[in-house]
Structures are given as C-alpha cells and as structure tokens.
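Here's the structure we're looking at; comments come further down.
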Amino acid sequence: MPKKVDRPVYDQKIDREMVSEVIIYHDLPFRYVEYEKVRARDKYLNPDYQPICRQTAAADVFVRYEVEKEKLKELFAKHRVLDPRLKVKMLEVAYQKVDPTTSALKIKELEKNLEMIFKAYQTSSPGVSGTTNPHDLLSESPLEDDFDNDLFELERSIEAGVNNTKSHLDIYLAEPRLEWKAFPNLDVLRYWKDNQHRLGDLALMAIDILSIPITTVSSESAFSIGSRVLTPYRNRLLPQNVRALLCTRNWLRGFAEYEGTVEDNDDTTL
C-alpha cells in the first residue's frame, strides 16, 4: 500500500504570491482568479483554499512590481559604480541629496553587494588573479639563480603597486575617477573591454552587469509588444497596468518573446 503523503499546510500569502506570478508569466487577466472552474480546482486541491477577487490580484501584481523595481534600482546603482567617471563617491553625493539619513546605509549595502558579486566572479575565474605576491615572482623568474633578475622582478612588482592584499575591485575603487568633462561620451563597455587585461575578473563582472538590458514601456507598448496587442477585448487596459505587467514579466522571465494572445479587458486600478 503506497505511503500517504502529508498535505502541506495552506498559506494564503504564499498562494497569492504564486498566483501573481502566474498572472505575470502567462499574461492572464486579473479576473483569472474569479474563474469558476479555477476556483473549483483550487478548492479541490486544498479545502483550506481562500479565493481572492480581481482587485486583490491586481494589488498583488503591483506589490511584486514594486519589489522588482527596487531590485532594479540596486542594479542601476551598480551600473553607476562601474562607470569610471562616477564610482562610489558620486553616488554618496547623490544619496546624500536625496536622503541624508539613509545615504550611509545605502552606500554600505551597495559596497557589500558589489563585494559579494565580485567574490562569485573570483571563484568562477580561477585563471585570473587580482593580485600577485612579490615573493611568488622570485620563484617564477626564468633565471632563478640570477639574483639581479630576482631584484628586478621584485622592484617591478612594488612599483606597480601589486601586493597580496588588494583585489581588482579594491584597485579600481582606489583609482582616481576619470573627469566627466574630459570623457563626456565615454563608452563604458569599451573601457572595461580595453582594461580587461589589467582588471581581469572585475572587468568580466562589469561587462556582464552593464550588458543587462533594461525594460522600458513606451506609449506604443499596448499596441505592439507580444501578447499585449490592443484588441476589442483589451481596449480599456490602463497604462499603469501595462507598465506593471510588461516590466515585471520581463524582469522575471527574461526577454524571450511570448507567443500567443490572451484576451484581457481589465480596468482595475488601485
């Protein structure tokens, strides 16, 4: 006789989060949660199921939108740090102007996140080292018995500021910023590509972060993007709903085009 599996305890908060993802991922209308057969199936799967209305579903989608938007703000901050004309100093000034009470905390959190991401790149790039131990150069010399050559290699490492305590991230942040007036049209991606030999794994991280596409919603979005083509059933879809659904879907799913058309005449507002 098969062993009985315990049914998980119903948690409406988790259920609502999952439903909001279903709506976003599959371009479903908010009224999806009010479909009779959908509710019947959910009730069958768990008798403790508590149905919600379309207004609640819309509110949950907007909550998820705000959460993902905050993550995007963090990403924008990382973009700014990786611009050699800005770095952390300019963000400190900007945060101080916006909210002096939280600026220090935001900068600390930003530096912590950058360090965490950078460590992941260090782990995945064993062939690229951010530092060189001067003592290692002594044994690496092709003329090990040549004392003069050893001294030359050691002197070169010291003059270059290479030591065993600084990573590529430390070196980059410690370097002076490029003057904006001198480089108003700097191609930041090109900068990191050109400096990959010098900044190694940090350059790889910067290129990956700076290459992340950012979703924007133009006035034509309701007419031209994927399954959001305006139809007679969707002629009352409000702009804020289009923005929340499109942006959050792309942030969660990526940018592959979703094929198919879903009818939607939602006009729910918060």
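Computed from the coordinates by the stated procedures, all read-outs in this text should not be read as laboratory data. Computed from a predicted model, the values in this text were never measured in an experiment. Heads up, the Cβs are rebuilt from the backbone with ideal geometry, glycines too, and the neighbour counts pull from every protein chain shown.
Some points to look at:
- From phi via Karplus (6.51, -1.76, 1.60), per-residue ³J(HN,Hα) for the stretch 21-27 in Hz, x at Gly/Pro: 5, 4, 4, 5, 4, 10, 6
- Averaged over residues, the count of other Cβ atoms within 10 Å places the peptides 10-17, 106-113 in the sequence 106-113, 10-17, highest first.
- Rounded to the nearest 0.05, the FRET efficiency derived from the C-beta distance between ALA104 and GLU34 at R0 = 35 Å is 0.15.
- Between GLU74 and ARG198, the FRET efficiency estimated from the beta carbon spacing at R0 = 30 angstrom works out to 0.65.
- With 5 Å bins beginning at zero, the pair-distance distribution over Cα atoms of the stretch 17-104 amounts to 3, 12, 15, 15, 11, 7, 8, 10, 7, 7, 5, 1 %.
- The length gained on full extension between ASN113 and ASP42, counted as 0.36 nm times the residue separation minus their Cα-Cα distance, comes to 21.6 nm.
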